[in-house]
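S.K.: Quick one: the structure is below, and I'll ask about it shortly.
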Amino acid sequence: MSNAEILTRADGLRHGRTPFVLATVVHVERPTSAKPGDSALVLPDGTVEGFVGGSCAETTVQLQGLRVLRTGESLLLRITPAGDERTAGADEPGEGLVTVANPCLSGGTLDIFLEANLPPALAYVYGHAPIARALLDVGRALGLDARPASPGEPLPPDLHVAVIATHGRDEETVLTEAARAGVPYIGLVASPKRGAAVLAALDLGEEERTRVHTPAGLDIGARTPAEIALSVYAEIIALRPQAARTERPGADAAAPRAAPEQVDPVCGMTVAVTADTLSLDRAGDRVYFCGPGCRHAFADDPSRYAHA
């Protein structure tokens, strides 16, 4: 893929709310097959699209890219030959820099910037009154993917926030669906008296009821629609650590997950185990490799690597 195709593909992933890492070669010390400006995408399933070097460099970018997807923190990856004096403390995260010794390299060094691209939190706002419009405006200003929604609309698996500001219209249906779907934050804009009555009438279990916040928002003396919207998002931010610890049923299949990691017995590299990782079966155990060279070496003489 050309760099232009990589960027077009990245735009499509963003619109589809698929997390990815954009890996860009920013510096090389020859000999290397990659050059500054070469780029690739690392997807949640470990797929690498594009070019940032040979198979061993790509394996390292894949491993570190999957780690970046989990942490959401971009970093500069330095891949150097094994034995290079700059590899002291290799594979240990520093201040935005990770250095990895790669025994497969032919003598060059690669510096690759891994940029995390995670979709913003998705918020559905129900209603058409001024408060609902303010919720959309303030949410977008805060960097959320705030969208207007209608009762009965299917809830996406990565929905983070649902705020109901319909002033009595179809509230019970939306609240019940969102609570049963495990949406981390559900807010009902209503007076304390009406909100309590609506919540008491819902056919929900106790754990599901705890997800519904009414009156939605912190008590900051809000009066205008914009102030009420601000109070709602203030409550969402305050509850964010708690929501992050709650695993939502039916979580998005595209959400970043920890990929198993194994050590290549030939070269000692750590590799991420994905559907495409090269491997062999040895005495009932599956052995994984960084590239075809190490797999061929192992297949030729497995006993040589028995200690690994």
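We did not get these values from a lab; they are worked out from the coordinates using the rules stated. Bear in mind that the values here come from a model prediction, so they are computed numbers and not experimental data. No Cβ is skipped: glycine too gets one built from the backbone with ideal geometry, and neighbour counts run over all protein chains shown.
S.K.: Run the helix sum for the chain: -39,500 (n - 2.57) per DSSP H stretch of 4+ residues, divided by residue count, reported at 222 nm to the nearest 500 deg cm²/dmol.
M.R.: Values: 8 runs with 96 residues, N = 308.
One gets -9500 deg cm²/dmol as the mean residue ellipticity at 222 nm.
S.K.: Separate question: Springs between alpha-carbon atoms under 10 Å, Gaussian network over the chain: tell me which of Asp264, Asp170, Asp38 tops the mean-square fluctuations.
M.R.: Evaluated over the chain, the most mobile residue of the options is Asp170.
S.K.: What angle do you read, to the nearest 10 degrees and between 0 and 90, between the alpha-carbon axis of helix 192-201 and the longest principal axis of the chain?
M.R.: Roughly 70 degrees, rounded to the nearest 10.
S.K.: Treat every Asp and Glu Cβ in the stretch 120-224 as -1 and every Lys and Arg Cβ as +1, leave all other atoms uncharged, and give the resulting dipole magnitude about the Cα centre to the nearest 20 debye. Could you put the intermediate results ahead of the total?
M.R.: On the way: 10 positive and 13 negative charges, 86 e Å.
My answer is approximately 420 debye.
S.K.: Write down, largest first, the equivalent ellipsoid semi-axes of the chain in whole Å, where each equals the square root of 5 times an eigenvalue of the alpha-carbon gyration tensor. Write out the running numbers ahead of the final one.
M.R.: Values: eigenvalues 471, 88, 49 Å².
Taking √(5λ) for each Cα gyration eigenvalue gives 49, 21, 16 Å.
S.K.: In vacuo Debye scattering of the stretch 144-195, one point per C-alpha: log10 I(q)/I(0) at q = 0.15, 0.18, 0.24, 0.26 Å⁻¹?
M.R.: The Cα Debye sum returns log10 ratios of -0.38, -0.55, -0.97, -1.13.
S.K.: Report, in degrees rounded to the nearest 10, the 0 to 90 angle that the Cα long axis of helix 3-15 makes with the longest principal axis of the chain.
M.R.: It works out to around 30 degrees.
S.K.: If I model a spin label as a point 7 Å beyond the Cα along the Cα-Cβ vector, how far apart are those points for Arg147 and Thr224 in nm?
M.R.: The modelled label-to-label distance comes out at 3.0 nm.
S.K.: Per 0.36 nm of contour for each residue apart, how much would the distance between Arg304 and Leu204 grow if the chain were fully extended, relative to their Cα-Cα spacing?
M.R.: Numbers: separation 100, 0.36 × 100 = 36.00 nm, distance 6.15 nm.
Here the answer is 29.8 nm.
S.K.: In degrees from 0 to 90, rounded to the nearest 10, what is the angle of the helix 225-244 Cα long axis to the longest principal axis of the chain?
M.R.: With both axes taken from Cα atoms, the answer is about 40 degrees.
S.K.: Counting only DSSP beta bridges with both residues in the chain, what percent are antiparallel, rounded to the nearest 5? Please report the intermediate quantities before stating the final value.
M.R.: On the way: 28 of 50 bridges.
Given both bridge residues lie in the chain, the antiparallel proportion sits at roughly 55 percent.
S.K.: Still on this structure, I have one more. Write down Rg/Rh for the stretch 122-244, rounded to two decimals, with Rg from the C-alpha atoms and Rh from the Kirkwood relation over Cα pairs. The partial results should precede the final answer.
M.R.: Values: Rg = 12.9 Å, Rh = 14.1 Å.
Checking Rg against Rh, the ratio lands at 0.92.
S.K.: Follow-up question, since we're still on this one. Under the Karplus relation 6.51 cos²θ - 1.76 cosθ + 1.60, θ = phi - 60°, what is the ordered set of whole-Hz ³J(HN,Hα) values for the stretch 21-27, x standing for Gly and Pro?
M.R.: Going residue by residue, I get 10, 9, 9, 10, 6, 10, 7 Hz, with x marking Gly and Pro.
S.K.: Turning to a different aspect of this structure: When the chain is modelled as a GNM with alpha-carbon springs shorter than 10 Å, which of Ala226, Ala57, Ala283 fluctuates the most?
M.R.: Ala283
S.K.: Still on this structure: Using 0.36 nm per residue, how much length does the chain from Leu7 to Ala283 gain when fully extended, once their Cα-Cα distance is taken away?
M.R.: Working: separation 276, 0.36 × 276 = 99.36 nm, distance 4.42 nm.
Stretched fully, the Leu7-Ala283 segment lengthens by 94.9 nm.
S.K.: Continuing with this model, one more query. State, as an integer percentage, the relative contact order of the stretch 93-146 based on alpha-carbon contacts under 8 Å between residues 6 or more apart.
M.R.: 32 percent
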